[in-house]
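**Q** Below you will find the structure I want to go over with you.
The values are calculated or read from the model by the stated rules, or taken from the named source; none is laboratory data. Just so we're clear, the structure is a prediction, and the values are computed from it rather than from any experiment. Virtual Cβ from ideal backbone geometry, glycine too; neighbours counted across all protein chains shown.
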Amino acid sequence: MSKRTKKVGVTGKYGTRISQHARYTCTFCGKNSVKRQSTGIWGCRSCKRVTAGGAYTVSTPAAAAMRSTLRRLREIAEV
């Protein structure tokens with residue numbers, strides 16, 4: 001049985017060995033070329049955009065919840 005870790009998904013067990021090398025889809029150009037540059041800094045190798053995100057994955061659950069809340073509030077304001 002492994003030791004208890006923080007609630008950060010598979011990263012808690014294996015560290016950054018697994019997630020930091022994965023590529024993610026860029027929200028600006030749509031290509032699968034976003035890589036981790038350092039803790040919380042993500043850069044697209046195609047369009048050269050740099051964004052802030054989670055330490056081990058591009059988007060955190062809190063950020064996803066905030067995006068959906070902002071979208072809902074914008075829709076209410078338009079009506």
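**Q** Cβ-Cβ below 9 Å, separation at least six or inter-chain, first residue in region 64-79 and surrounded by 10 or more Cβ atoms within 10 Å (Cβ to Cβ), second of a type outside the set (Val, Ile, Thr): which pairs?
**A** The qualifying pairs are 67/59.
**Q** Take the conditions surrounded by 12 or more Cβ atoms within 10 Å (Cβ to Cβ), of a type outside the set (Lys, Arg) and in contact (Cβ under 8 Å) with a residue 12 or more places away in the chain and apply them to residue 33. Does it pass?
**A** Yes, satisfied.
**Q** Being within 30 Å of residue 13 (Cβ to Cβ) and among the β-branched types (Val, Ile, Thr) narrows it down to one of 79, 34, so name that one.
**A** 34
**Q** In this structure, does residue 27 turn out to be in contact with a Phe, Trp or Tyr (Cβ under 8 Å, 6 or more places away or on another chain) and not in a helix (DSSP H, G or I)?
**A** When the stated conditions are applied, residue 27 does not pass them.
**Q** Another question, if that's okay. Could you grab me the full set of residues in region 37-62 that are within 16 Å of residue 26 (Cβ to Cβ), within 12 Å of the chain's Cα centre (by Cα) and of a type outside the set (A, V, I, L, M, F, W, C)?
**A** Across region 37-62, the qualifying residues are 43, 51, 53, 54, 57, 59.
**Q** Moving on to the next point. When the residues of region 37-51 are filtered to those that are in contact with a Gly (Cβ under 8 Å, 6 or more places away or on another chain) and at pLDDT below 95, which remaining residue is surrounded by the fewest Cβ atoms within 10 Å (Cβ to Cβ)?
**A** In this case the residue turns out to be 37.
**Q** If you don't mind, there's one more thing I want to ask. Closer than 16 Å to residue 63 by Cβ and at pLDDT below 90: does that describe residue 9?
**A** yes
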